[in-house]
Structures are given as C-alpha cells and as structure tokens.
Amino acid sequence: MLKTLISSVSLVILMATSTFADTGAERFAKEIAKYKQTDSFENCIRLRNIKRTKILDDNHIIFEMRNKKFFLNTLERKCPRLGFERAIAYNVRGGRLCNVDIVSVLDPVGTGATCFLGKFETLEKLPVQSNLR
C-alpha cells in the first residue's frame, strides 16, 4: 500500500513538473509571436526608460520601454523558478541595466536564484491581427 502511494505521488509530481514546463514554453511562444526578432543587440538599456517587464519563462524576459521600444533578454543560463515566480530584483550602477548585471528571482520568502542577463535584442512589435471578417 505504501509503495503504491509513493508511486502515485511521484507520478503526480512528474505530471505537475511536465505541465509547468509546457506552460512556460507556451507563454514564450504566444508572447514572442507578437514581435519580429531583429538580430540587433544592445549591451545595456536605460533604467529610467523601462516601463514594464514580462517574464516569459526561466530564460526570457521582455523589457517594454517608455519610448515604445521592446527588448528581449535571453539569460545566459536557465534561471530556476524565474518562470514560476515571474518577479525579479536587480541592483545597477550608472542608471543602466546591462548584460553583465545579475537579476535575483523574487519569491514570497525573499530572493531566490541569481542569474546573469544576456544581451538585449531589439524587437519590432507586429501589428495586431484582427480575426473579424
């Protein structure tokens, strides 16, 4: 009986992990479809121009700027729990957030993993397609 219960619990945990990974991948695919990736990169963005961030998964963050520009940051490595918590903190100097800076995952009990940012790829927002006919 105990062995069966442990097997069942393991299966549930495995299923939850699998579903979770799919959610991040689906969120990334859905969001990135709204943009054209330009293969044009910046090392830094100005902190005061950041309007909002969208954390897509454990590897990708979109920075929406006040000047209607958008940047995709692909982290150097997978950042544990980033896609789940979807909240970050960072300390910067000189008013710029750069590819050499570190972000910390915020969770309900404080800060979690720390992860290195990558370069900021310029995105072009695609026109919204209407499904009306």
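Do you know which of the residues in segment 42-67 that are under 19 Å from Gly94 (Cβ atoms) and hydrophobic (A, V, I, L, M, F, W, C) is surrounded by the fewest Cβ atoms within 10 Å (Cβ to Cβ)? In this case the residue turns out to be Leu47. Restricted to strands (runs of 3 or more DSSP E) entirely inside segment 35-77, those with at least 3 residues that are more than 16 Å from the chain's Cα centre (by Cα) are 35-42, 44-46.
Residues of segment 109-128 that are farther than 16 Å from Ile55 by Cα and among the hydrophobic types (A, V, I, L, M, F, W, C): Val109, Leu126, Val128.
Each residue in segment 40-95 was checked for being under 24 Å from Val109 (Cβ atoms) and acidic (Asp, Glu), and 3 pass.
Here's the yes/no breakdown for (1) of a type in the set (Ser, Thr, Tyr); (2) in contact with a strand residue (DSSP E or B) (Cβ under 9 Å, 6 or more places away or on another chain); (3) at pLDDT below 95:
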| position | (1), (2), (3) |
| --- | --- |
| Lys36 | no, yes, no |
| Arg86 | no, yes, yes |
| Leu97 | no, yes, no |
| Thr111 | yes, yes, yes |
| Leu132 | no, no, yes |
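So, restricting to strands (runs of 3 or more DSSP E) that lie completely within segment 93-133, which ones have at least 3 residues that are open to solvent by 80 Å² or more (accessible area, probe 1.4 Å) and free of Cβ contacts under 8 Å to residues at least 60 places away in the same chain? Hits in segment 93-133: 110-116.
Which of the residues that make up segment 68-77 are modelled with pLDDT of 95 or more and closer than 25 Å to Ala25 by Cβ? The answer is Phe70, Phe71, Leu72, Asn73, Thr74, Leu75.
The values are calculated or read from the model by the stated rules, or taken from the named source; none is laboratory data. Everything numeric in this text was worked out from a predicted model, so none of it was measured. Cβ coordinates were reconstructed from backbone atoms using ideal geometry, including for glycine residues, and neighbour counts include every protein chain displayed. These accessible areas exclude ligands, DNA and RNA; they are computed on the full protein's heavy atoms, side chains included. Shrake-Rupley method; radii C 1.70, N 1.55, O 1.52, S 1.80 Å.
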